Number of protein chains: 2
Amino acid sequence: MFTKQELIEFCDNARKNYLDHISIDCVVFGFHEGQLRVLTLKMKNEESWYLPGGFMLKEEPIEMAANRILKERTGLDEIFLQQFQVFGDPNRSRPHRDMYKDILPASENWFTNRFLTIGYYALVDFVNVNPTPDNHSENCAWYDLTDLPDLKLDHALILKTALDTLRLQLNYQPIGYNLMPKEFTMPELQKLYETILDKKLDRRNFQRRMLGFGILNRSEEPRKGGAHKAPYLYSFDLENYQNALKEGLKGGW
Amino acid sequence: MFTKQELIEFCDNARKNYLDHISIDCVVFGFHEGQLRVLTLKMKNEESWYLPGGFMLKEEPIEMAANRILKERTGLDEIFLQQFQVFGDPNRSRPHRDMYKDILPASENWFTNRFLTIGYYALVDFVNVNPTPDNHSENCAWYDLTDLPDLKLDHALILKTALDTLRLQLNYQPIGYNLMPKEFTMPELQKLYETILDKKLDRRNFQRRMLGFGILNRSEEPRKGGAHKAPYLYSFDLENYQNALKEGLKGGW
DNA sequence: TACTATTGTGTTCAAAATACACCATATTAT
DNA sequence: ATAATATGGTGTATTTTGAACACAATAGTA
């Protein structure tokens, strides 16, 4: 929560640089060792959590804005973000209006204008990534999907919609490139799918189907040093992966 | 194209009523007897065609705005519109800026501000629908997809993206409810799929699969009066149809 | 050296998609 | 009337894909 002084400065700056009425919110899913989590920010002086979001510069392309915002707010860079929906209920920012109504009149408070927010989502390996909060935020935290804090505004809805979209996407697009390390084992990749879908899959059928997509390369050398039998290492075939993103994995008709 | 006087009036009105920086454009696919077409508008005094689009009221929900805009500009009402993507290249409205740069300075011309446009698409039966142009438009026309006029701004991109989305959607969602008459024959429905996909399908396999989805009811009475054997009539089972929209037709994993 | 946990690689059975053939019916040409 | 024809309904064999399941291989450990 802004103090009055901070708010006035923020609004002055925003009016100069940002496009009014449009914001971006990012749902960053993090995965590691069977854990699926979401990146959230806690605002200073406010007992509530938000998805990392922000505003667009007046002449900035949308995708660039999404990447910049995510980087500024969490330090995450070069993350593949996917646009999935615009949220624009006229009342979605009512909590902010209520919060600030006695501090600055609505007419002067750019921050509580109506905003449509463009939802983006991403998948990352949350140990390869080091979220660092920006000035407005007290803390970045990875929350387990089953144990979420109270998300402000419509951010719970945005999160749920992102998850639904991700699960649907799993059926016709490859995932994992931004999420798995360069080399990974088949059981590791399977764990990702199982975690997103919240469902057990058959080892052997998973492998056959996955290989059938033709987006994986198998290394000569299996992983060594672990306990038990040494598994093969796989990596994504970038060209085929990109192609599968465009074309879809298996046509229906 | 606006005259200077019209433009000034339009901008005055827009500033009062519309949300700045956001517009909506609709891709209305029309289908009839094997023809797939797109609804386009020709502006007065301008040799160019547009998708029907417009602006949001300051406190209007997005979906409501999309429906209102489509109705105002074409007369089409109660059409199921599906949001599919936001287009926001900073240069997308450059043609409009160039067009009006000598008529009204950009600082006074709300119309040439930067706009992000939210893309919606719909499918309708174009003989059940009677598009009537609004004041700004000289003409509404259904164009064949293979014979499109020059679409202004980024509207060709929006159309192409909508078509790609529609084709992809065909694989995991039912379509046709807004498009087919209440009762229709299986060959008629097949023709729709073939037209959208631009590909021939097997009659018998199509029917089996379609019925397998469980979203169709067969009437007792076959259609009469046509030449040749009387075909059965089908209608959509609304409840199952809606459910299939939400759940998808066949899960992958 | 046997035990255990994990991974690799089938094989079988069922379901679904594909390819293809035949019958039914309403109009039209003779 | 009757045959020709165009269109629509239904069935069947084959192939492909998906689901369920079992056994062999390997590295660490008791």
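Read-outs throughout are calculated quantities, based only on the coordinates presented, and are distinct from any laboratory measurement. In this text the structure is predicted, and so the values were computed from the model without any measurement. As a convention, Cβ positions derive from the backbone with ideal geometry for all residues, glycine included, and neighbour counts pool all protein chains shown.
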Considering only DSSP states other than H, G, I, E and B, which trypsin sites (Lys or Arg not before Pro) in the range A:157-200 qualify as loop sites with at most 15 other Cβ atoms within 10 Å? A:Lys182, A:Lys199, A:Lys200
What relative contact order, as a whole-number percentage, does chain B give when Cα pairs under 8 Å and 6 or more residues apart are counted? 22
Amide H partners (placed H, <5 Å) of B:Asp125, local residues excluded: B:Phe31
In the neighborhood of A:Lys191, defined by Cβ-to-Cβ distances under 13 Å, what is the net charge if each Lys or Arg adds +1 and each Asp or Glu adds -1? -2
Farthest toward the dipole's positive end in chain B, which of B:Gln207, B:Ala14, B:Asn130, given Cβ charges of +1 (Lys, Arg) and -1 (Asp, Glu) about the Cα centre? B:Gln207
The range B:125-234 - Rg and Dmax from Cα coordinates, angstrom: 17.1, 50
Mind checking the mean number of beta-carbon atoms from other chains within 10 Å of the Cβ atoms in A:208-219? 0
At the level of C-alpha centres, the distance separating the range A:180-216 and the range A:8-34, in angstrom, is 33
Per its Cα gyration tensor (rounded if a/c is under 1.5, else prolate when a/b beats b/c, else oblate), chain B is best filed as prolate
Nearest 20 debye, what's the magnitude of the dipole of the range B:4-169 about its Cα centre given +1 on Lys and Arg Cβ and -1 on Asp and Glu Cβ? 360
In Å, the C-alpha Rg and Dmax of the protein assembly as shown are 25.4, 80
Violations at 18 Å Cα threshold for listed pairs A:Lys71/A:Lys246; A:Lys182/A:Lys224; B:Lys182/B:Lys224 -> A:Lys71/A:Lys246
Student exercise, the protein assembly as shown dipole from Lys, Arg, Asp, Glu Cβ charges, in Debye to nearest 20: 1640
Taking the beta-carbon count within 10 Å as an exposure proxy, list B:Glu72, B:Glu220, A:Glu60 from fewest neighbours to most. B:Glu220, B:Glu72, A:Glu60
What is the order of B:Met64, A:Met180, fewest Cβ neighbours within 10 Å to most? B:Met64, A:Met180
Which ordering of A:Leu201, B:Leu70, B:Leu36, A:Leu151 is given by a fewest-first count of other beta-carbon atoms within 10 Å? A:Leu201, A:Leu151, B:Leu36, B:Leu70
Excluding residues on the same chain fewer than 8 positions from B:Lys101, give the lysines whose Cα lies under 16 Å from its Cα. B:Lys4
The range B:49-78 and the range A:61-118 have their Cα centres apart by a whole-number Å value of 24
Just A:Phe206, A:Phe115, A:Phe31 to compare: in a GNM of chain A, with alpha carbon springs under 10 Å, which one fluctuates most? A:Phe206
